[in-house]
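Okay, structure first, notes after.
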Amino acid sequence: MKDIDFERTEYVTNRELENDEGEETGKLQMFSYDNEVFHYKLTCPYCQHTFEGEEELGSRPWWIECPECTRSTNVYRIKDKKKREIKDRAPDPSDV
Ligand SMILES: [Zn+2]
């Protein structure tokens, strides 16, 4: 993977990926300079195969398919997941 020029990135993520058991066995680094072409390096959470590439991704959801086991990984918005977790949590009276 090329060095990332963070000054120019419109999108960048670096995260662990979970397998079906919820274990963080995979990894994803992805960035884009124009929100059209996305460069990524992915370690498949299902088979640990590591591959990289670049792809034009349109609107979400984004799926990246592993060439080894052909399972797809969903690149969800981290913000969305956080929001959902917060909503699922019962209100904490000490927050008030
Ligand atoms: Zn795989």
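The values are calculated or read from the model by the stated rules, or taken from the named source; none is laboratory data. As the structure is a prediction and not an experimental result, all values here were calculated from the model. Counting neighbours? That spans all protein chains shown, and the Cβs are built from the backbone with ideal geometry, glycine included. Calculation scope for accessible area: heavy atoms of the full protein, side chains included, ligands and nucleic acids excluded. Shrake-Rupley method; radii C 1.70, N 1.55, O 1.52, S 1.80 Å.
Some values worked out for this structure:
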quantity	calculated
Placed amide H near His49: partners under 5 Å, 5+ positions off or other chain	Cys44
Accessible-area composition of the stretch 1-41, carbon plus sulfur, in percent [1.4 Å probe]	36
Simple label model, 7 Å out from Cα along Cβ direction - Thr70 to Asp20, nm	1.6
Rounded to whole Hz, the Karplus (6.51, -1.76, 1.60) HN-Hα couplings of the stretch 19-36, x for glycine and proline	8, 4, 8, x, 8, 7, 9, x, 8, 9, 10, 8, 8, 9, 9, 9, 6, 10
Listed peptides 59-71, 19-31 by packing density, highest first (mean Cβ within 10 Å)	19-31, 59-71
